[in-house]
Amino acid sequence: MVEIAQFYMEFCRDESCGKCIPCRAGTVQLHTLLNKIANRQATQKDLEQLEALCYMVKEMSLCGLGQTAPNPVLSTLKYFKQEYLDLLQSPVEHNGKVTVSQSS
């Protein structure tokens, strides 16, 4: 599901007219975060940022493209959140130090 959201966001990023900053910059940032998640380089904080950014783009964009661009991400987060969580890096503690490693 992450790849589906990523594919749709790539389309929205490419089709944005650039008139408003939330859509122009927001779709780029959403696509970047989805790539980071898909490549297993993201943390829980990135996932939280992704969701917050979705709502910002949805509420602040001027046109229908920007207002609906986050919908696939929000829908997949709502119904398939575990697929996102499975791709996150997980913190691991070794000798009192917390490091980030990939989930298996």
_Name the residue that is surrounded by the fewest Cβ atoms within 10 Å (Cβ to Cβ), counting only residues in segment 19-33 that are over 10 Å from Gly66 (Cα atoms) and of a type outside the set (A, V, I, L, M)._
Lys19
_Complete set of residues in segment 11-42 that are of a type in the set (Ser, Thr, Tyr), touching a residue at least 40 places away in the same chain (Cβ under 8 Å) and part of a helix (DSSP H, G or I)_ = Thr27
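Identify all residues within segment 1-10 that are in a helix (DSSP H, G or I) and in contact with a helix residue (DSSP H, G or I) (Cβ under 7 Å, 6 or more places away or on another chain); write none if there are none. First the steps, then the outcome.
Of the residues in segment 1-10, the ones in a helix (DSSP H, G or I) are 2-10.
Listed by number, the residues that qualify are Val2, Glu3, Ile4, Ala5, Gln6, Tyr8, Met9, Glu10.
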*Could you run through segment 1-60 and say how many residues are basic (Lys, Arg) and farther than 21 Å from Leu87 by Cβ?*
3
*Kindly provide the set of residues from segment 46-89 that are closer than 16 Å to Val28 by Cβ, among the polar types (S, T, N, Q) and surrounded by fewer than 18 Cβ atoms within 10 Å (Cβ to Cβ), ordered by number.*
Gln49
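Any read-out appearing in this document is the output of simple, stated calculations on the displayed coordinates, not a laboratory observation. In this text the structure is predicted, and so the values were computed from the model without any measurement. We place every Cβ from the backbone using ideal geometry, glycine too, and count neighbours over all the protein chains shown.
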